[in-house]
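Report on the structure given below.
Read the figures in this text as sums done on the coordinates, not as results from a lab. It should be emphasised that the depicted structure is a prediction, and the values quoted were computed from it without experimental measurement. Using ideal geometry, Cβ is built from the backbone for each residue, glycine included, and neighbour counts are taken over all protein chains shown.
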Amino acid sequence: MIVDPEFKRQIYETLLHEKVNYCYQCDRCSFNCPVHAETPAYDPRQNILLAITGINPVSAENRLAIFGCTVCDTCDEVCPNDIPLTHIFSILKNMAAAKNICPDSFKGQGKAVFDNGTAIPMNPAISRRRTAMGLPEKYTLPVDEVKAVMKATGFDKLLSQLTIEAKKKPEEG
Amino acid sequence: MEKTLFLGCTIPGRIPFVEKSAKVVCDDLGIKTEVLGGFACCPDPVGINSLDKNTWLALAGRNLCVAEAAGKPVMTLCTGCAMTLKTANHDLKHSHHDKEKVNIALKSVNKEFKGSLDNIKHIAQVLFEEVGVDKIKAAVKKPLKGLKVAVHLGCHFLRPSEVIKFDDPFNPTKIDEIVKATGAEPVNYTEKVLCCGHGVSNENIDIAASMNQKKFKSAKAAGAQAFVVLCPSCYLRFENANRDVKKKFNEDYNFPVLYLTDLLALAMGHGGDEIGIKDHRPSPNKVFEALGIQI
């Protein structure tokens, strides 16, 4: 493991750095984490320690170390120093995703929202079920607006990288 | 009572029967709802947020602008939508830096987050705080006597408590009161606040199955016959968990999963056919039949 100054800069700049520094490794986060209870491979306390020291825990080989987070917000709630752990883990996940390291379901969801304005586009079977229950067949979605906002935040670029690398995989294998 | 209804993606697109039960419950209790054409994916606090937090905040900000323009309180059926909209609203109001960044992105669609909205609630919170347990009790025509349910609130219904501001984040009791009004009994089980595992299931289904087994085991020990949930992700996770837990642990739970509004609609005298009970997997019919409750 090596210290990554760029990673350290991002963590400290994005967050109120003094809050991260308050971590005295009491382990309440990991002790209460429902995923850590199942596997030592996901350890929120360890992730915070690494983030403070500037060691980037993101790697393709150990995706679980980051994406093991189930986003339950328990750690935030029990932290005695009010450290925004879930926020820090989001930064770690975003950094991983930028390197095409993340679950495929997230990539699919990102693409679905960009293309359709919804994570779950309507399919004919559900439409029929809706009509039979007296619900509107479907709702109009502001697809163009969603696309424009996602382009403004650079999501289209991220998405194109995810798609290309995801397609490459089988050829490489 | 008038509300802007934020439906999100999963309920209308995958489990529309929940939209139906929510509709009949709102009609019966005098909650007028309107779905706005401008709403899109909230987006959810797990997926899009993991890919790019700034995009998550900007898209949530866009939905908030649509709601601000309508000017009415917002009600969601999904816990994830409620948490995203509440959190984004909170963050954008409290961080000038975030607000500035989001408003630059929103310029592309001629929108601007103003921060004029302060009433965003999940339907369960509306039922408890604004309709009230007494009024719900008065609307019950067919008490679900004998039915024992495990109430699962879902993480984002409770936390971050500083933003959600509703129930105790580790010892929630308010939804139990609504369940009691239907005549059903909410059991006390040790793993009540354990996460459904939806988030981690994207990365590792095996870990989610272990969490689900813990939850199911504790609910069964407390005598629960079904789960009652408030979130479509929890709903789908638990339906699938019956299969995943059986595969990993060879334990058969076969827990039917009901949305809070399903339970209320049935107790308020609506038929199972009307609210799509036949689309639940596994079917809750056996549980009701055993209790002699006609649905």
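So the values come out like this:
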quantity	calculated
Helical contribution to [θ] at 222 nm, DSSP H n ≥ 4, -39,500 (n - 2.57), averaged over chain B, rounded to 500	-14500 deg cm²/dmol
Tilt relative to chain B, helix B:79-94 - C-alpha long axis, 0 to 90 degrees, to 10	30 degrees
Sequence of B:E203, B:E112 once ranked by neighbouring C-beta atoms within 10 Å, starting from the fewest	B:E112, B:E203
Net charge contributed by nearby residues that have their C-beta within less than 15 Å of B:K145 (K/R +1, D/E -1)	+3
Translational diffusion coefficient (Stokes-Einstein; Kirkwood radius from C-alpha pairs) of the stretch A:5-98 at 37 °C, 0.692 mPa s, in µm²/s	251 µm²/s
0 to 90° range, to nearest 10: angle between helix B:53-70 axis and chain B longest Cα axis	90 degrees
For B:D118, A:D27, order by how many other beta-carbon atoms lie within 10 Å, fewest first	B:D118, A:D27
Stretchable slack from B:D118 to B:A69, in nm (0.36 nm times residue separation minus alpha-carbon distance)	16.3 nm
Crossing angle, helix A:5-14 versus chain A [Cα axis fit, 0-90 degrees, rounded to tens]	70 degrees
GNM flexibility winner over chain B from B:G37, B:G146, B:G80 (Cα, springs under 10 Å)	B:G37
Net +/- balance of residues flanking B:D91 in space, Cβ distance below 12 Å, scoring K and R +1, D and E -1	+3
Antiparallel %, DSSP beta bridges [both residues in the protein assembly as shown], to 5	5 percent
Förster radius 35 Å - calculated FRET efficiency between B:V35 and B:K286, Cβ distance, rounded to 0.05	0.50
Cysteines (scope the protein assembly as shown) whose Cβ has no counterpart Cys Cβ under 4.7 Å	A:C23, A:C26, A:C33, A:C69, A:C79, A:C102, B:C9, B:C26, B:C41, B:C65
Separation between Cα centres of the stretch B:242-295 and the stretch A:100-144, rounded to whole Å	25 Å
Computed helical MRE - 222 nm, chain A, DSSP H runs ≥ 4 contributing -39500 (n - 2.57), nearest 500	-17000 deg cm²/dmol
Radius of gyration and Dmax over the Cα atoms of chain B, both given in Å	19.0, 59
Shape call, the protein assembly as shown: gyration tensor on alpha carbons, a/c limit 1.5	prolate
A:T53-B:S95 FRET efficiency (beta carbon distance; Förster radius 30 Å; 0.05 resolution)	0.70
The stretch A:104-172: C-alpha gyration tensor shape, a/c 1.5 cut-off, then a/b vs b/c	oblate
The stretch B:2-122 shape via C-alpha gyration tensor axes, a/c threshold 1.5	prolate
